[in-house]
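Take a look at the structure below.
The values are calculated or read from the model by the stated rules, or taken from the named source; none is laboratory data. It should be emphasised that the depicted structure is a prediction, and the values quoted were computed from it without experimental measurement. FYI the Cβ positions are ideal-geometry reconstructions off the backbone, even for glycines, and counts take in every protein chain you see. To get the accessible areas, we keep the full protein, side chains included, count just its heavy atoms, and leave off ligands, DNA and RNA. Shrake-Rupley method; radii C 1.70, N 1.55, O 1.52, S 1.80 Å.
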Amino acid sequence: MATPTVPEAYRNAVIAHIMVDGAVAAIDFYIKAFGAKELFRIDRPDGRVLHAEVSVQGATIMLGDAEAPLFSAPTTIGGTTVGLHVFVDDVDSLADRAVAAGAELLQPPADQFHGDRTSIMRDPYGHVWVFLTHLEDLTSDEVARRAQELFG
């Protein structure tokens, strides 16, 4: 039996709602870079996005234009406290596509001790994305053992 590319435990995860400066352009970027599909959008009268949803290989993410003081964009605060993890069918081709579209490659695709092939990148709006393709099912004990061997 083939190992599924998205582990069952992550099929029904928390949906992130990210804030950006320039949500219209961000949606276009996510479509070009990650193959996202726009699910719907509610625009404000001034053309900014109140709320939108896009899907990256079935994983939904919500987004909108940042509205201070409650929500700030990573570019405004100089960093982000959240990494957006998305399991995809082919992390290598997605990374190539995203970099060609303007994503900053922070970690090229590589097999990891936790059983996934992983790549990390930053989008032009300051969000850090961790894309993974699941390679093998491991118990938590096996992941812990591998981590201990790798990190000491």
Name, by its number, the condition in (1) open to solvent by 80 Å² or more (accessible area, probe 1.4 Å); (2) acidic (Asp, Glu); (3) touching a helix residue (DSSP H, G or I) at 6+ places or on another chain (Cβ under 7 Å) that does not hold for ASP65.
(1)
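Please verify whether GLU53 is modelled with pLDDT under 95, out of contact with any Asp or Glu (no Cβ under 7 Å at 6 or more places or on another chain), among the charged types (D, E, K, R) and farther than 20 Å from ALA23 by Cα, treating the condition exactly as stated. Before the answer, list the steps.
Values: modelled with pLDDT under 95: yes; out of contact with any Asp or Glu (no Cβ under 7 Å at 6 or more places or on another chain): yes; among the charged types (D, E, K, R): yes; farther than 20 Å from ALA23 by Cα: no.
Criteria not met by GLU53.
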So, first residue within 13 Å of ASP116 (Cβ to Cβ) in region 75-93, second residue at pLDDT 95 or above and part of a helix (DSSP H, G or I), Cβ within less than 6 Å, six or more apart or across chains; the pairs are VAL88/LEU94
Going residue by residue through region 133-152, is there one that turns out to be at pLDDT 95 or above and within 22 Å of HIS17 (Cα to Cα)?
no
Single residue of PRO108, PRO45, PRO124 found to be open to solvent by 50 Å² or more (accessible area, probe 1.4 Å), within 18 Å of ILE31 (Cβ to Cβ) and either out of contact with any helix residue (DSSP H, G or I) (no Cβ under 9 Å at 6 or more places or on another chain) or not hydrophobic (A, V, I, L, M, F, W, C) (or both)
PRO124
